[in-house]
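Here is the structure we will look at.
Nothing in this text is a laboratory measurement; each read-out follows from the coordinates by a stated rule. Predicted, not measured: the structure shown is a model, and the values here were computed from it. Note: ideal-geometry Cβ built from the backbone for every residue, glycine included; neighbour counts use all protein chains shown.
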Amino acid sequence: MSLLDAALAAGRAEAEARMRDTVRLYTQAPDTFNRSTGTTTPGAQTTLYAGKARVKAIAQSTGEEKESGEREVVVREYEVHLPWATPLPGGTRVLPGARVEVTASLDARMAGLVLWVSGAAFSAQSTAWRIRTEDRS
């Protein structure tokens with residue numbers, strides 16, 4: 001094992017030690033509308049990962065206001081760190097539009113937070129897998 005490999009292994013172990021939140025990364029099929037009943041049925045969800053993570057607000061995120069449909073929403077950015085070696089089912093890629101639900105956190109205010117994936121970064125020399133997300137509330 002080279003010095004670089006040893007440093008990366010130590011860095012990944014430290015990064016995982018800081019992952020004290022629990023999340024579920026998932027995709028959701030489009031909703032369906034039933035014209036006869038006037039109800040909308042949410043699309044099926046496919047869980048890609050469930051487990052430990054670190055959810056971190058991005059400091060320079062300003063909470064930009066955007067219009068969504070007919071209402072104003074404030075978009076706040078978060079970075080979600082998953083263990084570097086996290087496998088995904090069947091070679092699935094995480095694309096914008098996937099979602100991350102915080103299922104447990106030491107900060108109880110974060111539990112139940114649903115974040116929308118806006119991008120994912122990959123690198124063989126990272127200590128964690130970083131996914132950029134938005135809170136669209």
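What to note about this one:
- Note on residue 29 and residue 93: the model spin-label points, each 7 Å out from Cα along the C-beta direction, lie 2.3 nm apart.
- For the chain, built as a Gaussian network whose Cα springs stay under 10 Å, the top-fluctuating residue of 27, 37, 46: 37
- Environment charge at residue 116 (Cβ cut-off 9 Å; Lys +1, Arg +1, Asp -1, Glu -1): 0
- Positive dipole terminus of the chain, leading residue within 36, 75, 13 (C-beta point charges): 13
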